Amino acid sequence: MLCISTTLFTVLVVDLLATSGDITATWTSPMYPKLYSNDTSVNPLGRPITEEEDSWIGSLVNIGAILGALPAGFVADKIGRRKTLIGVALPHITAYLMYAFGTDIYMFYIGRFINGISVGIGYAILPMYVAEVSKDSERSTLSVTLNIFWTFGNFLPYGIGPYLSVKLFNLILAAVPITFMVLFVVFGFETPHYLVHKGRDDEAMAVLRKLRKSSVTGAKKEVEVLKEAFSEHEDGKLSDIFRNKGLRKALVVSMSLVFFQQFSGINAVLYYLEPIFQASGTKLSAAVSSSIFGVFVFLFSFLTTFTVERAGVKLLMGISALGSALSLGVLGAFFYIKDSTDLGTENIFWLPIAGLISYILFYSIGFGPLPWTISSQLFPNSVKAISAAAVSAFCWISSFIITKFFNSLNDTIHRAGTFWLFGGLSLVALLVTILWVPETKGKSIREIQEMLQK
């Protein structure tokens, strides 16, 4: 049973960086109405943005994330996980300050791009860091705490963005990565895995004694286990993954999961939530609907934390995929009735928010946190940094495609078709989960590798 241990406190501090990153996903929802406004007291640009500028603001964060993810593993192996994560906070702080004081569209473009660089590195390294400071028995539970803080980052813009000025809103957001950086500089540890890998066994033992509150003997035993694991696998390259049957499976599973995570439409929903509610014609204002949605996004994030060790990742992923498909199907049906029939939607005005809340419930128990949790557990230490960078980059390429062409997709197959497409891909994810995803609950890295080889 988890208590407020040094390990848990360290993970919770690191989780603040996850919040800083996922603010970028929903930042656009309250910002778009302001940037489209003709009111110069609301819009710092002094003019409404165009639809093309809208698409670039939404998608540039993904381009930055792709470029940030690619060298993330190399940087983390070169200078360490701790220094890498401290460095990730700086672009976030810079970007939010640029939004707070920006008066030109290019300041917003640059801000979104450098936000993305930090997001790409963060998504590659954060799950790795949490997994490497955790015991095997606590690894899955501590890993999904990231989802609570990711979703709190999603909630913040929904909860406060519609009601604050652009300047005050973004100054408050800048406080999150600043708080992380101060706390992590003071209290953060390098991971024992990295220290052992670099031959710094005494430092690794010292860190383990603090993290685990263990004896010298216990820390020494854990260091020996890590050394043995590293001795079995020399420093790997990307080509090593393709030559090894088990690692190929791990890469296919990891990339499949982040692909379906993005193509379930999550970032399209998060980025364009207020416009979706405006288009639905709901009697609730788009700002109020978004705030309600944000509360549920945050609350649902706790579900996986308390169920993953009991239910396992495979079952939760299957439930998530099926529930997401059904919820998206309902949303598609609403927009089909509204846009393509003569039937009125006045009596079902509540359906869009109910459908989106249902969607985020099922997304939160599987699609949201588990692809990263599973990916961080499938690879041995020798290729963990390389695989994390590759999977993260592939995730953000998928996200860029969705967010850049979401408006075009709506124009081509209409809103109903877009949601039905996302729902259909969620059903494919269900099939992939049943056939390919291994159960990692309670297993060591060695046991997981043996399972993949079979």
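The values are calculated or read from the model by the stated rules, or taken from the named source; none is laboratory data. Keep in mind the model is a prediction, meaning the values are calculated, not measured. Neighbour counts are summed over all protein chains in view; Cβ atoms, including those assigned to glycine, are modelled from backbone coordinates with ideal geometry.
Which of (1) surrounded by 20 or more Cβ atoms within 10 Å (Cβ to Cβ); (2) out of contact with any Pro (no Cβ under 8 Å at 6 or more places or on another chain); (3) within 30 Å of Ser324 (Cα to Cα); (4) modelled with pLDDT of 80 or more is the odd one out, the single condition Val269 does not satisfy?
Just one mismatch for Val269, condition (4).
Kindly check whether there is at least one residue in the range 55-63 that is of a type in the set (Ser, Thr, Tyr), touching a helix residue (DSSP H, G or I) at 6+ places or on another chain (Cβ under 8 Å) and in contact (Cβ under 8 Å) with a residue 12 or more places away in the chain.
Yes, that holds for at least one residue.
Here is a list: Phe367, Phe349, Phe296, Phe362. Which entry is surrounded by fewer than 24 Cβ atoms within 10 Å (Cβ to Cβ) and within 24 Å of Ala25 (Cα to Cα)?
Only one candidate passes the filter, namely Phe296.
Step by step: first the residues of the range 1-31, then only those that are more than 28 Å from Ile402 (Cα to Cα), touching a helix residue (DSSP H, G or I) at 6+ places or on another chain (Cβ under 8 Å) and of a type in the set (A, V, I, L, M, F, W, C), then the one that is modelled with the lowest pLDDT. Which residue is that?
Across the range 1-31, the extreme among qualifying residues is Leu2.
Report, ordered by the first and then the second residue, all pairs with beta carbons closer than 6 Å, sequence separation of six or more or different chains, a first member in the range 384-409 that is outside any helix (DSSP H, G or I), and a second member that is of a type outside the set (D, E, K, R).
Close Cβ pairs (under 6 Å, with a partner that is of a type outside the set (D, E, K, R)) do not exist here.
For the range 44-85, which residues satisfy the criterion of being of a type outside the set (A, V, I, L, M, F, W, C), surrounded by 19 or more Cβ atoms within 10 Å (Cβ to Cβ) and more than 30 Å from Glu203 (Cβ to Cβ)?
Pro44, Asp54, Gly58, Ser59, Asn62, Gly64
Please tell me if Thr418 is surrounded by 17 or more Cβ atoms within 10 Å (Cβ to Cβ) and part of a loop (DSSP other than H, G, I, E, B).
No: the conditions fail for Thr418.
In contact (Cβ under 8 Å) with a residue 40 or more places away in the chain and in a helix (DSSP H, G or I): is that true of Gly332 in this structure?
yes
Give the residue that is surrounded by the most Cβ atoms within 10 Å (Cβ to Cβ), with candidates limited to residues of the range 156-212 that are polar (S, T, N, Q) and assigned to a loop (DSSP other than H, G, I, E, B).
Ranking the candidates gives Thr191 first.
So how many residues does the range 99-117 have that are surrounded by 19 or more Cβ atoms within 10 Å (Cβ to Cβ) and in contact (Cβ under 8 Å) with a residue 40 or more places away in the chain?
Qualifying residue count, the range 99-117: 10.
Among the residues of the range 284-303, which ones are outside any helix (DSSP H, G or I) and among the aliphatic types (A, V, I, L, M)?
Leu284
Restricting to the range 335-381, name every residue that is of a type in the set (Val, Ile, Thr) and not in a loop (DSSP other than H, G, I, E, B).
Residues satisfying the conditions are Ile337, Ile348, Ile353, Ile357, Ile360, Ile365, Thr373, Ile374.
Within the range 438-446, identify whether any single residue is buried (at least 20 other Cβ atoms within 10 Å of the Cβ), among the hydrophobic types (A, V, I, L, M, F, W, C) and part of a helix (DSSP H, G or I), and answer yes or no.
yes
Considering each of Val223, Val258 in turn, give the residue that is without any contact (Cβ under 8 Å) to a residue 40 or more places away in the chain and assigned to a helix (DSSP H, G or I).
On inspection, the qualifying residue turns out to be Val223.
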